[in-house]
Amino acid sequence: AKEKKKRSPAARRVRWILGTIFRALTTVFLVCVITGCIVGCVLTVYILDYVGTLEDIDIRNIDLNYTSIIYANDDEGNPYELSRIHGDENRIWVDYEQMPSYLTDVTIATEDKRFMQHHGVDWKRTAAAAINMFVPILGRQEGGSTITQQLIKNATDNWAPNVERKVKEIFSALKLEKKYSKTDIMEAYLN
């Protein structure tokens, strides 16, 4: 017959403490998992309901009657207003094929380097902009908007500086990129 080894009181106490700590950590972990699932389900229902209410943007019929402001940098790199093209100007839609290729290349290089790779939202830039909003690590205020998001902002004329507009813009950009090609989006953006 096997004999039970008697443990010292100190060993039993250590085992009891470790078991209690393990049970407490397991409980906290399970509470976090359950809470995360509940929050995830609520957010999913909210987002699915929210996406259904987004307005449909027809980029082929965008109103071009806006004032365009052209900015330049002075010798010290400070931006200033160079010129204005007023909304009552005669504007003509230019097809993508008629635009010089360097115009689209320069626009992509300066506005949205990953334009051809993402599906409406550059998640890296969006996350960096969100983090920079709370912890200014980049040294300058940098937005996370893609060309698609900027097109939506221009088409809806919604410039409100709040999170709700940004969330709508993100979902609208995802929806727009499913409906139109990159060429269509670039054509509308440059017009």
GNM on the chain, Cα springs under 10 Å; top mean-square fluctuation among Lys168, Lys179, Lys153 goes to Lys179
Hey, of [x] 16.8; [y] 17.5; [z] 21.4, which did the structure itself give for Kirkwood radius over Cα pairs in Å when calculated? [z]
Keeping every protein chain present and rolling a 1.4 Å probe, give me the accessible area per residue for the chain in Å². 75 Å²
Can you compute 3J(HN,Hα) from phi for each residue in segment 14-26, using the Karplus curve 6.51 cos²θ - 1.76 cosθ + 1.60 with θ = phi - 60°, rounded to whole Hz and x for Gly and Pro? 4, 5, 5, 5, 5, x, 5, 5, 4, 5, 5, 5, 5
On C-alpha positions alone, give me the angle between the axis of helix 163-179 and the longest principal axis of the chain, in degrees, nearest 10. 70 degrees
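The values are calculated or read from the model by the stated rules, or taken from the named source; none is laboratory data. Quick caveat, the model's predicted, so the values are computed rather than measured. We work out accessible area using only protein heavy atoms, side chains counted, and drop any ligands, DNA or RNA first. Shrake-Rupley method; radii C 1.70, N 1.55, O 1.52, S 1.80 Å.
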